[in-house]
Every structure is written in C-alpha cells, then in structure tokens.
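> Right, I'll just put the structure down here and ask away after.
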Amino acid sequence: MAYGILEYRHQFLNEKRKGGMSRHGYVGWLGLGSVGVNLGNLDHWLPNWGIGYRFEVQPRMSVRADVGFGREFFDSGNKFAPSVYFSFT
C-alpha cells in the first residue's frame, strides 16, 4: 500500500477567548493512494479530497464533520461520489 495526503488546517482567531484562538476551524485535504501485491504493482491510483469543519467542545475534545470525495467505479465509467463523516474525539 502507498498513500500520500496534503492537508491544510485553520483555526480562527477570537481575541475575547484566552489564548486568542476560536473554537471553530476547518480543514481541506488532497490524497492519492494505491494497493498492490508489491510496490511494482501499484498501478491503479485512486485520488481523494475533501473539506471539513472542526468545533472544540473543550480542550482536547472536538466534533468533526467532513465531506470527502473519492473515485467510485461503476459499469458506466468512473464517477466521483461524496462521503460524509462525523466523529467526536
């Protein structure tokens, strides 16, 4: 397996809050990956990308909502289909 991702994260500023950082932020990413029997067989590369929203409930505890896009293979040809992810960490 080979996989690479570029990710940008941004947390907004809030001068009224201690530390100056807001509890709101966002993320955007681009990725590319492949799976094969060995490194020489990595010939079907699959792109993915998406955006997400982050909300800090309390320090080190966040709610995340992401919409990601990846290539889905159908009989009618290659199409990109969205996926939605929610998590609480």
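The values are calculated or read from the model by the stated rules, or taken from the named source; none is laboratory data. Since this is a predicted model, take the numbers as computed values, not measurements. Note that each Cβ is placed from the backbone with ideal geometry, even for glycine, and that neighbours are counted across all protein chains shown.
Listed here are the residues, each with its yes/no results for (1) within 20 Å of F88 (Cβ to Cβ); (2) among the aromatic types (F, W, Y); (3) under 15 Å from the mean Cα position of the chain (by Cα).
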residue	(1), (2), (3)
V37	no, no, no
H44	no, no, no
N48	no, no, yes
V57	yes, no, no
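> Would you call G28 of a type in the set (G, A, S), at negative phi, modelled with pLDDT of 95 or more and under 19 Å from the mean Cα position of the chain (by Cα)? Please lay out each step first, then the result.
On the way: of a type in the set (G, A, S): yes; at negative phi: yes; modelled with pLDDT of 95 or more: yes; under 19 Å from the mean Cα position of the chain (by Cα): yes.
When the stated conditions are applied, G28 passes them.
> Criterion first (of a type outside the set (A, V, I, L, M, F, W, C) and without any contact (Cβ under 8 Å) to a residue 24 or more places away in the chain) does R60 satisfy it?
When the stated conditions are applied, R60 passes them.
> Looking at R54, is it surrounded by 10 or more Cβ atoms within 10 Å (Cβ to Cβ) and modelled with pLDDT of 95 or more?
Taking the combined requirement at face value, the residue satisfies it.
> Among the residues in the range 60-67, are any loosely packed, with under 11 Cβ neighbours inside 10 Å and of a type in the set (D, E)?
no
> In addition: Quick one: L39 ticks every box in (1) touching a residue at least 24 places away in the same chain (Cβ under 8 Å); (2) surrounded by 10 or more Cβ atoms within 10 Å (Cβ to Cβ) bar one, so which box is it?
Every condition holds for L39 apart from (2).
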